[in-house]
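Peer 1: The following block contains the structure, expressed as structure tokens.
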Amino acid sequence: MAQKVVADLTQEKLAGHLYESLHHKILPLPDTIIVYPAHGAGSACGKNMSKETSDSLGNQKKTNYALQPMSKEEFIEKVLDGLMPPPQYFPENVMMNIEGYESIDNVLQQGLRSLNPDEFEEVANQTDALLLDTRDAQTFAKGFIPNSINIGIDGGFAPWVGTLVPDIKQQILIIAEKGREEEVVTRLARVGYDHAIGFLEGGFEAWQQAGKETDSIESISAEELAYRLGKDADLNILDVRKKSEHFSEHIIDAENVPLDYINHMLWQVDKNKTYYVHCAGGYRSMVFISILKARGYENLIDIKGGFKAIKSSEKFNISPYVCPSTML
């Protein structure tokens with residue numbers, strides 16, 4: 001990320017600095033030292049981070065791949081292997097912190113502009129605003145405004161917006177659960193998305209009651225998928241989890257198209273084919289499907305409960321489990 005702000009700070013240089021810090025500052029310390037993580041599991045600020053909230057330095061020396069004996073060159077190679085690019089908003093936030101940003105009062109005033117269905121439709125048609133639906137994935141599947149994108153407020157909301165919406169100045173129109181509009185605008189602003197321009201008063205229900213056009217997504221159980229797979233072994237199954245999750249265990253013959261890389265891997269998805277899409281639990285698959293629906297893909301079916309439900313059903317041919325190590 002840093003090289004997007006300071007050009008000569010390459011990933012290799014930064015990894016080299018990390019090696020020097022670990023070997024000259026950290027490793028010489030006593031094994032009894034207690035260490036605390038700067039970021040938690042799943043954070044985009046590192047790779048394959050533990051969910052533990054503390055550990056001894058001695059145990060980290062035994063178990064952490066980055067602390068095993070190796071040369072500086074080997075360390076740099078291991079640390080950078082499989083490292084994903086930072087979310088789009090990271091370097092943008094750095095520049096905002098340097099150059100300044102919009103007052104939160106102004107951001108809230110603009111974002112909390114209440115629009116009835118007719119007004120919402122008019123603003124959507126007159127601007128290039130992104131229609132962001134922050135409701136639960138399964139609620140979204142039952143009915144939504146055409147071309148809207150589902151990124152649920154109760155999941156990894158801000159990081160996924162930052163990963164999937166490249167332009168931090170993108171205008172955004174919000175569809176949210178009643179009473180949560182301010183939360184959405186605030187959480188967008190925390191990662192630099194200051195250009196929310198209003199929300200749908202009364203939410204999707206008001207849009208529906210106004211007789212406006214709606215769309216829906218078929219969402220089936222893991223058991224139903226197994227039944228259909230039994231009748232047609234050539235079904236196309238898309239696994240949109242991270243590469244490391246897919247590598248760890250997956251449905252045999254499922255194709256891995258990580259949500260993180262959706263803007264670079266769409267060529268792998270054929271508009272003329274039907275796909276059964278799953279992630280780990282059902283959040284990311286709906287994000288993935290909603291983005292493709294907005295881009296003209298129609299034959300996409302969601303698997304409720306994701307891989308967790310698939311594995312629990314014991315009805316699928318699953319690859320042998322491999323413990324995730326350093327892959328993302």
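The values are calculated or read from the model by the stated rules, or taken from the named source; none is laboratory data. In this text, all values refer to a predicted model and were calculated from it rather than measured experimentally. Glycine also receives a Cβ, built like all others from the backbone with ideal geometry; neighbour counts cover every protein chain displayed.
Peer 1: Residue under question is Glu255, and the condition is that it be more than 17 Å from Tyr283 (Cα to Cα), touching an Asp or Glu at 6+ places or on another chain (Cβ under 8 Å) and free of Cβ contacts under 8 Å to residues at least 24 places away in the same chain; does it hold?
Peer 2: So Glu255 fits the description; yes.
Peer 1: Output yes when any residue across the range 262-272 is outside the structural domain of Leu112 (by TED's automatic domain parsing), within 15 Å of the chain's Cα centre (by Cα), touching a residue at least 60 places away in the same chain (Cβ under 8 Å) and on the phi < 0 side of the Ramachandran plot, and no when none is.
Peer 2: yes
Peer 1: Read through the list (1) outside the structural domain of Arg295 (by TED's automatic domain parsing); (2) surrounded by fewer than 18 Cβ atoms within 10 Å (Cβ to Cβ); (3) within 29 Å of Ile303 (Cβ to Cβ), then give the number of the only condition that Ile197 fails.
Peer 2: (3)
Peer 1: Out of Arg241, Arg295, report the one residue that is basic (Lys, Arg) and either crowded, with 21+ Cβ neighbours inside 10 Å or touching a His at 6+ places or on another chain (Cβ under 8 Å) (or both).
Peer 2: Exactly one of Arg241, Arg295 is basic (Lys, Arg) and either crowded, with 21+ Cβ neighbours inside 10 Å or touching a His at 6+ places or on another chain (Cβ under 8 Å) (or both), namely Arg241.
Peer 1: Please indicate, with yes or no, whether at least one residue in the range 246-255 is within 24 Å of the chain's Cα centre (by Cα), buried (at least 19 other Cβ atoms within 10 Å of the Cβ) and either among the hydrophobic types (A, V, I, L, M, F, W, C) or assigned by TED's automatic domain parsing to the domain that holds Pro146 (or both).
Peer 2: yes
Peer 1: Continuing with this model, one more query. Using the structure shown, decide if Tyr283 is closer than 29 Å to Pro166 by Cβ and without any contact (Cβ under 8 Å) to a residue 40 or more places away in the chain.
Peer 2: no
Peer 1: With (1) closer than 24 Å to Asn93 by Cα; (2) at pLDDT below 95; (3) charged (D, E, K, R) as the list, and Glu181 as the residue in question, which single condition is left unmet?
Peer 2: (2)
Peer 1: Next up: Considering every residue within the range 227-241, establish whether at least one is among the aliphatic types (A, V, I, L, M) and modelled with pLDDT under 95.
Peer 2: Yes, because at least one residue in the range 227-241 is among the aliphatic types (A, V, I, L, M) and modelled with pLDDT under 95.
Peer 1: While we're looking at this one, here's another question. With a cut-off of at least 3 residues that are closer than 22 Å to Met49 by Cβ and not hydroxyl-bearing (Ser, Thr, Tyr), name the helices (runs of 4 or more DSSP H) lying wholly within the range 222-325.
Peer 2: The helices (runs of 4 or more DSSP H) meeting that bar are 243-248, 306-313.
Peer 1: Looking only at the range 97-107, filter to residues that are surrounded by fewer than 16 Cβ atoms within 10 Å (Cβ to Cβ) and of a type outside the set (Asp, Glu); which one of those is nearest to Gly211 (Cα to Cα)?
Peer 2: Across the range 97-107, the extreme among qualifying residues is Asn106.
Peer 1: Considering each of Thr139, Thr127, Thr134 in turn, give the residue that is under 18 Å from the mean Cα position of the chain (by Cα), closer than 30 Å to Asp302 by Cβ and hydroxyl-bearing (Ser, Thr, Tyr).
Peer 2: Only one candidate qualifies: Thr134.
Peer 1: Are there helices (runs of 4 or more DSSP H) fully within the range 77-151 with at least 1 residues that are more than 24 Å from Cys45 (Cα to Cα) and in contact with a helix residue (DSSP H, G or I) (Cβ under 8 Å, 6 or more places away or on another chain)? List them.
Peer 2: Output list reads 104-111, 117-126, 137-142.
Table: residues versus (1) more than 22 Å from Val287 (Cα to Cα); (2) free of Cβ contacts under 8 Å to residues at least 24 places away in the same chain; (3) of a type in the set (Gly, Ala, Ser).
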{"site": "Pro69", "(1), (2), (3)": "yes, yes, no"}
{"site": "Ile76", "(1), (2), (3)": "yes, no, no"}
{"site": "Phe90", "(1), (2), (3)": "no, no, no"}
{"site": "Leu108", "(1), (2), (3)": "yes, no, no"}
{"site": "Arg113", "(1), (2), (3)": "yes, no, no"}
{"site": "Asp118", "(1), (2), (3)": "yes, no, no"}
{"site": "Lys169", "(1), (2), (3)": "no, no, no"}
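Peer 1: Also, quick follow-up: From the list Gly202, Gly230, Gly211, which residue is on the phi > 0 side of the Ramachandran plot and free of Cβ contacts under 8 Å to residues at least 60 places away in the same chain?
Peer 2: On inspection, the qualifying residue turns out to be Gly211.
Peer 1: Filter the range 45-72 for residues that are loosely packed, with under 12 Cβ neighbours inside 10 Å and not in a loop (DSSP other than H, G, I, E, B) and give the result.
Peer 2: Of everything in the range 45-72, those that are loosely packed, with under 12 Cβ neighbours inside 10 Å and not in a loop (DSSP other than H, G, I, E, B) turn out to be Lys62, Thr63.
Peer 1: Does Gly162 qualify as being in a loop (DSSP other than H, G, I, E, B) and at pLDDT below 95?
Peer 2: No: the conditions fail for Gly162.
Peer 1: Next question. Restrict the check to the range 303-316 and report whether at least one residue is over 15 Å from Leu235 (Cβ atoms) and without any contact (Cβ under 8 Å) to a residue 12 or more places away in the chain.
Peer 2: yes
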